[in-house]
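Here's the structure we're looking at; comments come further down.
The values are calculated or read from the model by the stated rules, or taken from the named source; none is laboratory data. Every value quoted in this text rests on a predicted model; they were computed, and no experiment measured them. Heads up, the Cβs are rebuilt from the backbone with ideal geometry, glycines too, and the neighbour counts pull from every protein chain shown.
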Amino acid sequence: MSWRIERETRMLAERLERGDPFWPAQVTVAAAIALNLALTNRITIGPFWLLPGIEGVLLVALVVISPRRASEHSRVARRFALGVIGLVSLANVVSLALLVHYLVRGGKAGGHQLILSGIVLWATNVLLFAVWYWEMDRGGPVLRFRRPEILPDFQFPQMENPELAPRGWRPGFLDYLYTSLTNATAFSPTDTMPLTQTAKAVMGLQGVAALVTIGLVVARAVNILG
């Protein structure tokens with residue numbers, strides 16, 4: 001147990017001193033792109049491999065131009081990163097809309113296909129909104145590193161109870177991923193509260209998308225199986 005605490009303490013100290021690494025967010029976007037390959041052709045734009053292929057090429061280009069850590073501001077790299085994330089998010093929204101439209105119009109797809117598509121879209125929702133939260137809070141990871149005094153968009157438990165966290169604590173990518181997971185599961189904030197109107201709007205949007213996915217798509221698929 002002690003070695004785990006020491007390891008986490010070293011990782012936190014490195015993040016505080018050198019800035020957050022970019023690779024967790026990049027791996028998360030790559031996972032979201034890969035999940036799109038599991039969607040049925042009926043709810044994808046063009047061949048099932050076309051859009052993920054384009055997104056994958058853009059992500060590789062982003063990895064090449066991005067530094068290893070979020071310590072120096074690059075307006076071009078940030079705009080490009082937000083563009084890639086936005087494209088993947090738009091593709092997910094379109095797929096969800098097509099699937100809902102297909103179900104409402106009485107499409108007769110196999111129940112297993114609908115369940116798989118619902119799970120894929122919900123999981124993609126969790127991954128993408130985690131990246132959005134990470135990029136949005138206090139203006140992104142670079143500004144959080146360079147200007148920690150900026151007012152936060154999210155209130156984490158460690159910020160309310162600083163005695164329970166190391167000195168100088170600030171959220172890392174895993175904290176935003178956990179926030180996204182709990183919001184998509186409970187359809188509302190749990191332990192992390194949105195403070196700004198933008199944060200509330202984005203968390204509300206994620207909750208609605210998750211509710212539609214689970215409540216309509218998965219429920220309809222289970223009904224078909226029954």
request  = Return the only residue of S89, S74 being polar (S, T, N, Q), modelled with pLDDT of 85 or more and under 23 Å from R144 (Cβ atoms).
outcome  = S89
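If only one of V120, V131 is under 21 Å from the mean Cα position of the chain (by Cα), under 22 Å from K200 (Cβ atoms), β-branched (V, I, T) and modelled with pLDDT of 85 or more, which one is it?
That would be V131, the only listed residue that is under 21 Å from the mean Cα position of the chain (by Cα), under 22 Å from K200 (Cβ atoms), β-branched (V, I, T) and modelled with pLDDT of 85 or more.
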task = Determine which single condition D191 fails, assuming it passes every other condition in (1) outside any helix (DSSP H, G or I); (2) touching a residue at least 60 places away in the same chain (Cβ under 8 Å).
result = (2)
ask   = Does R144 satisfy being in contact (Cβ under 8 Å) with a residue 60 or more places away in the chain and within 23 Å of G86 (Cβ to Cβ)?
value = yes
message = Out of the residues in region 199-215 meeting the condition of being touching a helix residue (DSSP H, G or I) at 6+ places or on another chain (Cβ under 7 Å) and not aliphatic (A, V, I, L, M), tell me which one is farthest from A91 (Cα to Cα).
response = G207
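Filter region 59-76 down to the residues that are under 20 Å from the mean Cα position of the chain (by Cα) and either of a type outside the set (A, V, I, L, M, F, W, C) or crowded, with 18+ Cβ neighbours inside 10 Å (or both) and list them by number.
So the first thing to find is which residues in region 59-76 are under 20 Å from the mean Cα position of the chain (by Cα), and the list is 59-63, 66, 68-70.
Listed by number, the residues that qualify are L59, L62, S66, R68, R69, A70.
State yes or no: is V208 surrounded by 15 or more Cβ atoms within 10 Å (Cβ to Cβ) and β-branched (V, I, T)? Walk me through how you get there before you give the answer.
Details: surrounded by 15 or more Cβ atoms within 10 Å (Cβ to Cβ): no; β-branched (V, I, T): yes.
Considered against the rule, which asks whether it is surrounded by 15 or more Cβ atoms within 10 Å (Cβ to Cβ) and β-branched (V, I, T), V208 comes out as no.
Limited to region 167-202, what total is found for residues that are among the hydrophobic types (A, V, I, L, M, F, W, C), farther than 18 Å from E14 by Cβ and surrounded by 12 or more Cβ atoms within 10 Å (Cβ to Cβ)? So that I can check it myself, show each step before the final result.
In the first step, residues of region 167-202 are kept if they are among the hydrophobic types (A, V, I, L, M, F, W, C); the result is 169, 173-174, 177, 181, 184, 186-187, 193, 195, 199, 201-202.
The next check asks that each one be farther than 18 Å from E14 by Cβ; those that pass are 177, 181, 184, 186-187, 193, 195, 199, 201-202.
Still in the list and also surrounded by 12 or more Cβ atoms within 10 Å (Cβ to Cβ): 177, 181, 184, 187, 193, 195, 199, 202.
Residues flagged as among the hydrophobic types (A, V, I, L, M, F, W, C), farther than 18 Å from E14 by Cβ and surrounded by 12 or more Cβ atoms within 10 Å (Cβ to Cβ) within region 167-202 amount to 8.
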task = Check whether at least one residue in region 38-53 is part of a strand (DSSP E or B), within 18 Å of the chain's Cα centre (by Cα) and at pLDDT 75 or above, and report yes or no.
result = no
